[in-house]
Amino acid sequence: MRIAKATKEGRWGKVKALQRLLTRSHSGKMLAVKRVTENRGKRTPGVDGKLWLTPAARWKGMEAMQHHGYRALPLRRVYIPKSNGKKRSLGIPRMLCRAMQALWKLALEPIAETLADPHSYGFGPGRSTADAIECCFTTLAKRKSPEWILGGDIRGCFDNFSHDWILQHIPMDKVVLRRWLKAGFIDEGTPFATEAGTPQGGLISPVIANMTLDGLEAVVDASVGPTERARRKFKINVDRYADDFVVTGVSKDILEQNVLPAVKPGCFGLRPFRLFAT
């Protein structure tokens, strides 16, 4: 709560001090270990093959959570099937890296939630696809609702985030963050480097992804004019769930000529936009 309050007030020095206090605290480390040893992946090892299944192993793992000398090992690459027949790649960190990510998630999530777009419903605590569906229904179910929708989906979202942008804009310990981003991965015994993206499978990756995508609403609103009146006039509304989003508009021309050129340069690779009347 103190981190969120300092973020809202723009006191970034205070935010940094509170993050340091939290990530060095005994209680924070204990909670991080609890979270990574009680979730569904607790029996899935990383590249070192180690698991923290006993109280003694958990205590030893908690004591190993030191920032000085911390080294991120490469991730273990696994593939899970998708509904369309393709496979999604996941990077499995070792237990110590998972615990460190859970620890820093405690310190980063208050900032992400304070600065988040109002209509962003993916990866946030207490938010779900049902909230995104409700937002769409509320926007489109009225008699005077907008008649046109622009749907967007960023292709390969997690794999294409700029490391330079993340290191410059994500407010956390840059040394630790850089080690996570540059850790690389091992696929069938072969090591690979990572030059971009944040791995799907890391505990902190969804928070970083959300912070990277926040700002979409401001860009869309600015594309039709600087005032709230212009946004209401053209019936501009944004609804985003992770890297999928829809933008409503009063006409096809507004979406094609104003909104689409505004959002396309800031995206890493867009699937073809579906533009249709409601």
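The values are calculated or read from the model by the stated rules, or taken from the named source; none is laboratory data. Every value quoted in this text rests on a predicted model; they were computed, and no experiment measured them. Note that each Cβ is placed from the backbone with ideal geometry, even for glycine, and that neighbours are counted across all protein chains shown. When the accessible area is computed, the model is the full protein with side chains, heavy atoms only, and any ligands, DNA or RNA have been set aside. Shrake-Rupley method; radii C 1.70, N 1.55, O 1.52, S 1.80 Å.
For the pair Leu167 and Ala56, the difference between a 0.36 nm per residue extended length and the Cα-Cα distance amounts to 36.4 nm. If you plug the beta carbon distance of Lys87 and Lys182 into 1/(1 + (r/R0)^6) with R0 = 30 Å, you get a FRET efficiency near 0.75.
By the scheme Lys and Arg +1, Asp and Glu -1, what is the net charge of all other residues having a beta-carbon under 13 Å from that of Leu53?
+4
Each part gets one Cα centre, and for region 6-33 versus region 58-91 those centres are 23 Å apart.
Please get the size of the charge dipole for the chain, origin at its Cα centre, with Cβ charges of +1 on Lys and Arg and -1 on Asp and Glu, quoted in debye to the nearest 20.
Roughly 880 debye for the chain.
Tally Lys and Arg at +1 and Asp and Glu at -1 over the other residues with C-beta under 11 Å from the C-beta of Leu203: what net charge comes out? Local net charge: +2.
Among His67, Leu21, Pro93, whose Cα projects farthest towards the positive end of the dipole of region 1-103, with charges put on the beta-carbon of Lys, Arg (+1) and Asp, Glu (-1)? It is Pro93, whose Cα lies furthest towards the positive end. When the GluC sites (Glu not before Pro) in region 1-68 are filtered for DSSP coil states and for at most 12 other beta-carbon atoms within 10 Å of their beta-carbon, the remaining sites are Glu9, Glu38. Computed from label points 7 Å out along Cα-Cβ, the spacing between Glu256 and Glu195 is 3.7 nm. The distance linking region 121-147 with region 173-193 is 36 Å (Cα centroid to Cα centroid, whole angstrom). Which of these, Val78, Val259, Val247, has the largest mean-square fluctuation under a Gaussian network model of the chain (Cα springs below 10 Å)? Looking only at Val78, Val259, Val247, the largest GNM fluctuation is found for Val78. In the complete set of protein chains, residue-level accessible area for Phe137 is approximately 140 Å², probe 1.4 angstrom.
Working note: Debye formula, equal point scatterers on the alpha-carbon atoms of region 183-249, no solvent; log10 I(q)/I(0) at q = 0.17, 0.22, 0.26 Å⁻¹ is -0.72, -0.93, -1.10. Neighbours of Leu75 by Cβ distance under 10 Å: Lys/Arg scored +1, Asp/Glu scored -1, total +2.
Over the C-alpha atoms of region 108-200, the Rg to Rh ratio, Rh being the Kirkwood estimate, stands at 1.09.
In the context of the full set of protein chains, residues of the chain present 56 Å² of accessible surface per residue (probe radius 1.4 Å, heavy atoms only). Between Lys8 and Asp159, the FRET efficiency from the beta-carbon distance, with R0 = 45 Å, is close to 0.90. Among the GluC sites (Glu not before Pro) within region 147-201, those in coil by DSSP and having at most 13 neighbouring Cβ atoms inside 10 Å are Glu188, Glu195.
Restricting attention to region 157-264, the count of lysine pairs at 8 or more positions apart or across chains with alpha carbons under 23 Å apart stands at 6. Here is the list for region 55-114: trypsin sites (Lys or Arg not before Pro) lying in DSSP coil, each with at most 13 other C-beta atoms within 10 angstrom of its C-beta, are Arg71, Lys82, Lys86.
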